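Contents: one structure, followed by commentary.
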């Protein structure tokens, strides 16, 4: 069913597409970053697509591959009952790890993009309020990146006589954040 | 004769107070996860924790003397748990309900506290994922035995003063920076220029 959408995209925005395909029945379109907002706007507004719901926005970390990250948009049309998955591939450099925000298109993108920033460190340029949503402000790094140490903890508070744990990299957050209780 | 009776009477009084306290526990359920379902079962008529005098949950820590940590505690929530504990009046006891509250359970990662005893003292650990209600009752009876024998953590810390309802605040745990309460994460100022 969504094969028609891929043909629609190939007809309307041929320059935006990197590749298209399908996996276990779900149609996928990989697009260039510079055309992302254009493609999303087209899919939301065009009478043939009407993707009026962003059901999820996630990131996948393919550590060791180039480009490293894939930002995934799961779109759904509540009126036409079809789905499409949009992907953008980005690198992990400081000037590479970003995509334009989709918050003006769907308000559902607001918190999803904050979560993606919090856990993967992907910046969403133009986001109205890009700050951590799950982890605490003092947290350093992005824990769902594959190169984040598996046992690293960054506690906010500990008793000095707390039982030992197996973690190799346990440390309290430094200086004024140190809420060690006695 | 007079001296021996003088030393005997406080001990007898202590035992009587401990006996009264162990059958009159006011619980504060700090329920965060699926273990709360089993806690409801414990509180309900089938297992009926009222038989042990602990049937009356108080949803204010200022009116409770038994803190039951039910479920997973995250690192972000740990200061809140400490604050709840600090708000409870003495004497007070803590039960870790289920493996997550005891050790972190199968969540061994960046986000889950490896046991509530990392931030507050714990008297009784009830294992299980979730524990059967019988296990919880067993843990409660173990706690009652501990109270009767005057081995609860607060009884150890503040000594006999608990018996006559007086607590020396100077002996209570305080934070290293001199305040008596933890700050919540959103009450703190970020110290560096990181993107928020």
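Against chain A, whose longest principal axis is taken from its Cα atoms, helix A:36-45 shows a tilt of about 60°. Using the alpha carbons alone, the radius of gyration of the range A:1-78 stands to its Kirkwood radius in an Rg to Rh ratio of 0.96. Counting Cβ atoms of other protein chains within 10 Å of each Cβ in B:110-123 and taking the mean gives 5. Compared with the dominant Cα axis of chain A, that is its longest principal axis, helix A:3-12 is turned about 80°.
Could you work out, residue by residue across B:68-81, how many beta carbons of other chains sit within 10 Å of that residue's beta carbon, and then give the average as an integer?
Numbers: counts 0, 0, 0, 0, 0, 0, 4, 10, 7, 2, 5, 6, 2, 1.
Mean partner shielding for this stretch: 3.
Per residue of chain A, the DSSP helices (runs of n ≥ 4 H) give a summed -39500 (n - 2.57) that works out to -5500 deg cm²/dmol at 222 nm.
Sorted by packing (mean other beta-carbon atoms within 10 Å per residue), highest first, where do A:83-89, A:132-138 land? Before the final figure, lay out each step's value.
Details: A:83-89: 19.9, A:132-138: 17.9.
Packing proxy ranking, top to bottom: A:83-89, A:132-138.
Computed on the Cα atoms alone, the convex hull of the range B:8-59 gives a volume of 84 cubic angstrom per residue. Per-residue shielding of A:135-145, expressed as the average number of other chain Cβ atoms within 10 Å of the residue Cβ, stands at 4.
Among DSSP beta bridges lying fully in chain A, give the percent that are antiparallel, nearest 5.
Just about 75 percent of them are antiparallel.
Relative to the compact-globule estimate of 2.2 N^0.38 Å, the Cα radius of gyration of chain A comes out at 1.25. When you count the other C-beta atoms within 10 angstrom of each residue and take the mean per peptide, A:112-123, B:37-48, B:116-127, A:47-58 line up highest first as B:116-127, A:112-123, A:47-58, B:37-48.
Take the alpha-carbon positions of the range B:1-132, form their convex hull, and give its projected area averaged over all directions (one quarter of the hull surface) in nm². Present the calculation step by step, with values, prior to reporting the outcome.
Numbers: hull surface 37.3 nm².
Answer in nm², one decimal: 9.3.
Each Cα pair under 8 Å and six or more residues apart adds its separation to the average, and for chain A the resulting relative contact order is 14 percent.
Any read-out appearing in this document is the output of simple, stated calculations on the displayed coordinates, not a laboratory observation. None of the values given here were measured: they were computed from a predicted structure. Quick reminder, even Gly has a Cβ in these numbers, built from the backbone with ideal geometry, and neighbours come from all protein chains shown.
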